[in-house]
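Reading through the structure tokens given below for one structure.
The values are calculated or read from the model by the stated rules, or taken from the named source; none is laboratory data. Computed from a predicted structure; not experimentally measured. FYI the Cβ positions are ideal-geometry reconstructions off the backbone, even for glycines, and counts take in every protein chain you see. All accessible areas refer to the heavy atoms of the entire protein, side chains included, with ligands and DNA or RNA removed. Shrake-Rupley method; radii C 1.70, N 1.55, O 1.52, S 1.80 Å.
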Amino acid sequence: MRVLMFGWEFPPHISGGLGSACEGIVRALTGRGTEVLFVLPRLGGKSNETDGLTMFSASGTRVAAGSREASHVVSDTNTYWKKNLHMEFVDSMLTPYTTPQHYERVISEYSQYRTSAERRISETVPGGEYCVQMHGGYGPDLMSEVFKYSLAARTIAQQNDFDVIHAHDWMAYPAGIMARKVSGKPLIVHVHATEADRSGSEIVRSEIGRIEYEGMHAADKVVAVSHFTKNLIMRVYGVPEHKIEVVHNAVSQKEAKKVFHVANPDGEKQVLFMGRITLQKGPEYFVEAARLVLKVMPNVRFVMAGSGDMLLSMVSRVARYRMGRRFTFTGFLKGAEVENMYAASDLYVMPSVSEPFGIAPLEAMVYDVPVLMSKQSGVSEVVNNALKVDFWDVRKMAASICAVLAYPALGRFMVANCQEELKTIRWDNAAVKLNRIYSELAKRS
């Protein structure tokens, strides 16, 4: 089985949980003998290590290794070249969580592609306009990058052999649709999140919502990361139930080093929020719960690790409540910084308003950190030994935080039971389900 897979991030270059999910899925699939041709957008790389890579410009033109054009294509051959994995990099700045200023700095490099014809994506999304409402920190010129990525996908699909197409999240859906048109191979779209989750509204009228709608209806199979997301897809996007398969995410435990909890010498307890600071993740509920906790437990430190369009408003809210001495904003963390943060924390809180899955709680569990999560999340379907509250119930959230901090035995009990649960939450389980879906679709084509 050979899979042509499209995604917009892959470690070590990640901005959220999708990159970790893609790596976990790919590692599990290739470990079971499935060949994966992963197409990844990347801009500005200067590595000369191009062995095993095929590179394309944003317009879909093949680029010769070592050429002037290839200097803009990133090669991560040494890190992610595996026996059954082939990475193909498209010269593109496709990335979701960026700023308008970043796009303005580099858009001149793509002026030759920004023709009036390419300002519309009607070929992949009928009626699509070059005008988009973005949520969660998207840049203003992202849509043209999505379209150019799909042009490269067309060329790649024409020049390679594969059995099925697998597209991760909305930015890869047009690429998947384009590949399906030129190859006739079956298409799976993998829904990791929706515009309904990001915007906080089930009335989705944005360009992103239209792309999601077209992608889900054009696909032969829709993979949802949870039953929570499956129900939303049926309710908001009108996709029939028989077309949707639920494949839960997992966590890559083999890379987690044993990190023992580091207690603060002054007895201070630490509560952690780690994720994008956007409406979807519910940071304001974390701050409101912290305000209630500090009224009864003043020796607690709250940490908000991450970045996003609500960061400044959260800083202002903390200042307004005069909690600055008990609150820390770290910005985006990665690698060892994440490990150290988990090691220093007594509780991880995920207060998401609408979380299709949520890998971060599983990562916290790997590092022996008790977890408090929103009931409005997919991960709550696979974890039984975490505390769960409605995201809006800040009083119950605060009471749960106090309980874990005041009674360490409760936290230890939760950690012990979560470690048992983690033994069954494996990416290999996801790979088994995906291989079955691939085989069924390949037989029909």
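Quote to one decimal, in nm, the extra length available between D393 and L292 on full extension: 0.36 nm per residue of separation minus the C-alpha distance between them. Mind dumping the intermediate values first?
Working: separation 101, 0.36 × 101 = 36.36 nm, distance 1.18 nm.
Stretched fully, the D393-L292 segment lengthens by 35.2 nm.
Here the simple spin-label model places points 7 Å from the Cα toward Cβ, and for N231 and K83 these points are separated by 4.3 nm. Shown here for region 339-445: trypsin sites (Lys or Arg not before Pro) in loop regions (DSSP other than H, G, I, E, B) with at most 11 other Cβ atoms within 10 Å, namely K423.
Amide H contacts under 5 Å for V223: V189, H190, V191, E245, restricted to partners 5 or more places along the chain or on a different chain, H placed in the peptide plane at 1.01 Å from N. Principal axis analysis of the Cα atoms in region 351-445 yields extents of 58, 28, 15 Å, listed in decreasing size. The GluC sites (Glu not before Pro) found in region 305-409 include none that occupy coil by DSSP while having at most 10 further C-beta atoms within 10 Å. By its C-alpha gyration tensor, with a ≥ b ≥ c as the square roots of the eigenvalues, how is region 184-254 shaped: rounded for a/c under 1.5, else prolate for a/b larger than b/c, else oblate? Oblate, because a/c is 1.5 or more while a/b does not exceed b/c. Close amide-amide hydrogen proximity is noted between V353 and K281, G282, each under 5 Å apart and 5 or more residues distant or on a separate chain (H modeled in the peptide plane; Pro and chain starts excluded).
Residues S20, S150, sorted by accessible area with the largest first, give S20, S150 [1.4 Å probe; ligands and nucleic acids excluded]. For the residue pairs K83/K181; K334/K433; K181/K375, the C-alpha atoms sit more than 32 angstrom apart in K181/K375.
Surface calculation, 1.4 Å probe, protein heavy atoms: T328 sits at approximately 50 Å² accessible. A Förster radius of 35 Å combined with the Cβ-Cβ distance from F413 to K334 puts the calculated FRET efficiency at roughly 0.70. Calculated over region 388-439, the projected area of the Cα convex hull averaged across directions stands at 5.3 nm². Principal axis analysis of the Cα atoms in region 272-314 yields extents of 30, 15, 14 Å, listed in decreasing size.
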